[in-house]
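Trainee: Got a structure here, written out as structure tokens. Questions coming.
None of the figures in this text is laboratory data; all of them are computed from the coordinates on show. Since the model is a prediction, treat every value here as computed from it, not as a measurement. Note that each Cβ is placed from the backbone with ideal geometry, even for glycine, and that neighbours are counted across all protein chains shown.
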């Protein structure tokens, strides 16, 4: 059977203000903070993971915090909008009202609602006809039928999207779907689409996407690296991120891709009911705890009272 990537694993972004980031993504959007850790390439800064109730790949939005970082701007070769699934048009109405009540402007479209996070990161809620299991978190103010259900896909800027077509289709197994692409595995699927970039050059910074990760089984991961290398993608070696394994490379339009494994998962070192409550460091970084705890930004409490199943 041919290898297939199982849709988006996670999307990683940049914030300059972790407390406000936590308030928005857990308090307003209702995601669960499932892992509070550090950037393994720069352990002086946070790496925060928001997801569904169980921390499943396919729902996992993550942020590096660089305190006080200037706001960036998406440009050519960068993802500029992240799309989450919701259940219905009624859910879009619920979210338009909820965002307005939290002083967040939104723009309705056909089967979608677009808005920005507090640092300008482009977000979208989309109604999709899919059989994928909804990946939802619990929040006392958000009815389950309106909760975010995991990623629908991402949109990137590219001045020459045709340059990526062969690589996406032949190396990664993406399929053309209208004006964009779809990648679908055994459990989930996601779209990947391009838009014409603005004239201004992109600037990495707060409110921009760092990379998008696609999901692989553990068994297929090394083979994916070989396929990317054979197609000229120049992947990194396999890197053990403790909760998953990763390779990184740029697709021809310049967007930074990762292929990350479906496992071992976030419950490797924390029980499910207590995910995200305390600072967790991978074993190789535990010796740095005294230093990093002194410099990391204090964060607000996200779930002082847990809702029973």
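Trainee: Please give the peptides 281-294, 141-154, 21-34 ranked by average Cβ packing (other Cβ atoms within 10 Å per residue), highest first, as a rough proxy for protection. Write out the running numbers ahead of the final one.
Mentor: Working: 281-294: 11.8, 141-154: 20.5, 21-34: 22.1.
In decreasing order of mean packing, 281-294, 141-154, 21-34 become 21-34, 141-154, 281-294.
Trainee: Taking other Cβ within 10 Å of each residue's Cβ, how do 251, 128 sort, fewest first?
Mentor: 128, 251
Trainee: Run lengths n ≥ 4 of DSSP H only: what is the helix-derived mean residue ellipticity at 222 nm for the chain, with -39500 (n - 2.57) per run over all residues, to the nearest 500? Please list the in-between numbers first.
Mentor: Numbers: 5 runs with 40 residues, N = 309.
Roughly -3500 deg cm²/dmol at 222 nm, from the helical runs in the chain.
Trainee: Moving to a separate point now. If I model the stretch 8-295 as equal point scatterers sitting on the Cα atoms and use the Debye formula, what is log10 I(q)/I(0) at q = 0.10, 0.13 Å⁻¹?
Mentor: Log10 of I(q)/I(0), two decimals: -0.50, -0.89.
Trainee: Ok, one more. Below 8 Å between Cα atoms, with a sequence gap of 6+, how large is the relative contact order for the stretch 8-295 in percent?
Mentor: On the way: 644 pairs, mean separation 69.5, N = 288.
Value for the stretch 8-295: 24 percent.
Trainee: Take the stretch 191-309, drop everything but the C-alpha atoms, weight them equally and run the Debye formula without solvent; then report log10 I(q)/I(0) at 0.16, 0.17 Å⁻¹ to two decimals.
Mentor: -1.05, -1.11
Trainee: Looking at the stretch 1-159, what % of the alpha carbon pairs are farther apart than 29 Å?
Mentor: Pairs farther apart than 29 Å: 15 percent.
Trainee: Given a 10 angstrom Cα cut-off, can you work out which residue in 93, 52, 200 is the most mobile in a GNM of the chain?
Mentor: 200
Trainee: Say a paramagnetic label sat at a point 7 Å from the Cα of residue 226, along Cα to Cβ; which residues of the stretch 1-16 have their backbone N under 16 Å from it?
Mentor: Output list for this probe position: 1-4.
Trainee: What distance in nm lies between label points placed 7 Å from Cα along the C-beta direction at residue 159 and residue 116?
Mentor: 2.3
Trainee: Label residue 286 and residue 102 with points 7 Å out from Cα along Cα→Cβ: what is the distance between them in nm?
Mentor: 3.5
Trainee: If you count the DSSP beta bridges with both ends in the chain, what percent of them are antiparallel, to the nearest 5?
Mentor: 65
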